[in-house]
Structure formats: C-alpha cells, structure tokens
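Here is the structure we will look at, set down as structure tokens.
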C-alpha cells in the first residue's frame with residue numbers, strides 16, 4: 001500500500017517534470033544546461049501532443065569524473081512564465097474565482113485574484129494550495145483578493161530579478177499582499193512537519 005506522503009511526492013515530481021524549462025521560439029535548440037545548441041529534452045506546452053513524456057520515469061547517473069568533465073554542471077531551470085501561466089489557469093478554474101494574475105520569481109509566487117465568495121479565507125487557501133501544488137516547497141506564496149494588485153504584479157512581467165529597484169518594489173507589493181487573507185497557514189505548516 002502506498003503511503004500518502006509517497007503519493008504526494010509522486011504527484012509533485014510529475015507536475016515538476018511537466019513544468020521544467022523548455023526552449024522559447026527565439027532560442028530554439030539552445031540548451032541552457034550547458035550553453036550549447038544540443039537538442040533540449042525539456043517538456044513545455046509546445047509538445048503536449050506527445051503524452052508518453054508525461055508518464056515516463058526520469059533517471060540519470062553520472063560519475064564524479066563525468067560531472068567534473070562538464071564545463072558547466074547540469075542544473076534544472078524553472079520556466080517562470082510557464083509556471084505563472086499554469087498557476088493562473090488552474091486558479092481561474094477554481095469555484096468562485098473569476099480572474100487570476102500570477103507572478104513567479106526565483107523564490108516567490110504572487111497571486112492576485114478576483115472572486116465572488118463571501119469566505120475570503122477559504123478562497124485564499126484554495127488559490128494558495130493551487131500554487132503550492134505546482135512549485136517547489138521553498139517558494140514563498142502570497143495571495144490577495146485585491147484586484148488592484150493584479151496590475152501591480154503584471155508590471156513585473158519580463159523584468160529582471162537582478163534589478164535592485166524591482167526587488168524593492170516587489171517587497172512593497174508583498175507587504176501589501178500580506179494584508180489580505182492568506183489561507184490557513186497554521187494548518188499548512190503542520191502538514192509540512
């Protein structure tokens with residue numbers, strides 16, 4: 001019998017494998033793993049017709065010698081726009097949620113949404129859990145039903161995460177988002193223990 005934790009782990013890795021970085025149209029064939037033009041095998045929305053890629057296990061093995069011979073060791077890069085798109089679509093499909101804008105950075109997910117529920121806390125928790133089901137656990141997730149924040153987070157689309165002014169502005173938006181219901185954070189932290 002499979003444990004609940006094992007099922008969650010399998011689900012997480014399935015979603016994670018679906019959302020790994022793919023090459024954009026303007027960088028076709030460019031492999032970010034080693035900076036070459038070798039074929040990339042990353043999954044993205046461009047090749048969703050091949051359903052076998054979503055059910056295959058992933059395995060790799062490298063010796064110390066092989067990994068030291070690489071000029072740039074391999075690493076996974078998350079496609080932030082694709083993550084944002086996925087979370088936004090999933091959130092907009094939730095009951096009582098009509099619109100959802102999502103910004104994904106290297107450590108934060110910010111979601112502003114419009115809803116028609118009297119229970120702000122419950123909707124915030126649903127939206128939060130939706131994002132949590134998609135991104136790695138180290139991401140901080142902030143939600144807000146203040147629709148004005150949607151335009152604020154949208155203004156960061158395509159901006160660099162290395163810009164100090166952007167980071168400061170983002171921190172201010174996060175502080176504003178914290179004024180909105182965030183869902184049951186106590187229950188969430190108890191589940192992580």
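Look at region 162-171 and say how many of its residues are farther than 17 Å from residue 109 by Cβ and either under 19 Å from the mean Cα position of the chain (by Cα) or part of a helix (DSSP H, G or I) (or both). So that I can check it myself, show each step before the final result.
Going residue by residue through region 162-171, those that are farther than 17 Å from residue 109 by Cβ are 162-165, 168.
Among the residues that remain, those that are also either under 19 Å from the mean Cα position of the chain (by Cα) or part of a helix (DSSP H, G or I) (or both) are: 162, 164-165, 168.
Residues flagged as farther than 17 Å from residue 109 by Cβ and either under 19 Å from the mean Cα position of the chain (by Cα) or part of a helix (DSSP H, G or I) (or both) within region 162-171 amount to 4.
Could you list all residues from region 136-149 that are touching a strand residue (DSSP E or B) at 6+ places or on another chain (Cβ under 7 Å) and either surrounded by fewer than 14 Cβ atoms within 10 Å (Cβ to Cβ) or not assigned by TED's automatic domain parsing to the domain that holds residue 105 (or both)? Answer for region 136-149, where residues must be touching a strand residue (DSSP E or B) at 6+ places or on another chain (Cβ under 7 Å) and either surrounded by fewer than 14 Cβ atoms within 10 Å (Cβ to Cβ) or not assigned by TED's automatic domain parsing to the domain that holds residue 105 (or both): just 140. Would you mind stating whether residue 31 is under 21 Å from the mean Cα position of the chain (by Cα) and modelled with pLDDT under 80? Yes, satisfied.
Just to be sure before I move on: is residue 159 in a helix (DSSP H, G or I) and over 23 Å from residue 184 (Cβ atoms) in the structure I sent? So residue 159 does not fit the description; no.
Does region 118-135 include one or more residues that are buried (at least 22 other Cβ atoms within 10 Å of the Cβ), in a strand (DSSP E or B), more than 10 Å from the chain's Cα centre (by Cα) and not assigned by TED's automatic domain parsing to the domain that holds residue 61? No, every residue in region 118-135 fails to be buried (at least 22 other Cβ atoms within 10 Å of the Cβ), in a strand (DSSP E or B), more than 10 Å from the chain's Cα centre (by Cα) and not assigned by TED's automatic domain parsing to the domain that holds residue 61.
The values are calculated or read from the model by the stated rules, or taken from the named source; none is laboratory data. No experiment lies behind these values; they were computed from the predicted model shown. Cβ: placed from backbone, ideal geometry, glycine included. Neighbour counts: every protein chain shown.
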